[in-house]
Amino acid sequence: MSHKKYRTETKCLNCGAEVTGRFCSNCGQENIEIHENFFHLAGHFISDYFHFDSKFFRSLTPLFIKPGFLTKEYWEGRRVRYIHPLRLFFFVTIIFVIASGTFYSHYDKELKAVFKADTVLTKFDDAYLAKLSDSAKLFMGKGQDSLTVAEVKKKKAGMMRQLGKLAKGTDDVFKNLKYVTFFLLPIYALLFKVLYIRRKTFYVDQLVFMMHVQSFIYSVLSLIFLLPLIMDLSLDMIRRISTLVILIYLIIALRYLYHQAWWKTILKSIIATVFLVMITFVSVILIAGLDAVFFQ
C-alpha cells in the first residue's frame, strides 16, 4: 500500500507539462509532494539502491560466464533487465581501484623490505666477499690490492638499490594503468570498428562492447589482486594468468557477437590484443614520464 502524498496540481514540477495521472507522460516524474518526511526520503533511497543492486548482480553472471552476451542484449534493445554498460564500468572501476590499492601496498611493503639498505648490506658478509675472484674485483673497477671488503659492500648495495628503484618504477607504471585505460576506451573501440569494418555496426556499439570487456577485465584483476593476500604468487605469475584469461574471454566474446570462423576470431583477437597492449603501454609510459618530470 502506497503512503505517498500526491499533488492536487496537474502541472509537472520537473518539465511543466500537464499531468493526467500519477506520472508525467512527458518526463516520467511522479507527481508527488516535494516536502517529504525522513521515512519517505529513506524509503526512496533504499528503493533506488536495491533497484540498482539487483540489476548489478543480475548482470555479473552473464558478464563472467557468457562473454559477449550483455553486449548482444544491449545491441538488440533488451536493456531494462541489466545495468547500463557505463554504470557497470564505473562501479567496477571503483572496486578495481580499491583492490589494486590493496595489491600494490602489499607488494610495496615487500619491495621496501627486500631493497632496504641495511638488509642488503647484511647479506654480503666478510667471509663471502673475501672469496671474490680477481675477475669479479676487476669488474668492480679496482685492483685486488686496493679493493676493500667495505667498498665491495658499498658497490653491491648501490646496485641493489638501483634494482629496487627499477622494480618500484615498473610497479608505478602498472599503477597508472587503471587511469589510462578509461581515457583509451574510445581508441580501443575504434580498433574493433576497423577490425570489423564490413559488419553493419556503429562505433558506439563497439564502445559498449569495450565497456563490457573492460568491466570484465577490471573484475578479474580485482579478484586476482586479492590472491596474494591468501597465497604466494609472483607478479609475473599474476600477469601471465591475467593475460591468458582476458585473451580467452575476448576470443569467445567476438565469436559470440560476430559468428566468424574460429581461426578468424582468434587471429583478430591476437591482432587486437597486440595493438591494445602497445597503445596502453606507450600511453602508460608517457604518463609515467610526465609524472616524473612535472610532479617529482
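Brief remarks follow.
- Amide hydrogen proximity for Leu13: with H placed 1.01 Å from N in the peptide plane, no residue at 5 or more positions away or on another chain lies under 5 Å.
- Across the stretch 277-287, coupling constants 3J(HN,Hα) worked out from phi with the 6.51/-1.76/1.60 Karplus curve, θ = phi - 60°, read 5, 4, 4, 5, 4, 4, 5, 5, 4, 4, 4 Hz, and Gly and Pro carry x.
- Per-residue Karplus couplings for the stretch 74-79, computed as 6.51 cos²θ - 1.76 cosθ + 1.60 with θ equal to phi - 60°, are listed in order as 5, 4, 8, x, 8, 10 Hz, Gly and Pro entered as x.
- Efficiency of FRET between Arg22 and Leu223 - r from beta-carbon atoms, R0 41 angstrom, step 0.05: 0.40
Each value in this text was obtained by applying a stated rule to the coordinates, not by laboratory testing. None of these values were measured; they are calculated from a predicted model. All Cβ positions, glycine included, derive from the backbone under ideal geometry; neighbour counts span all protein chains shown.
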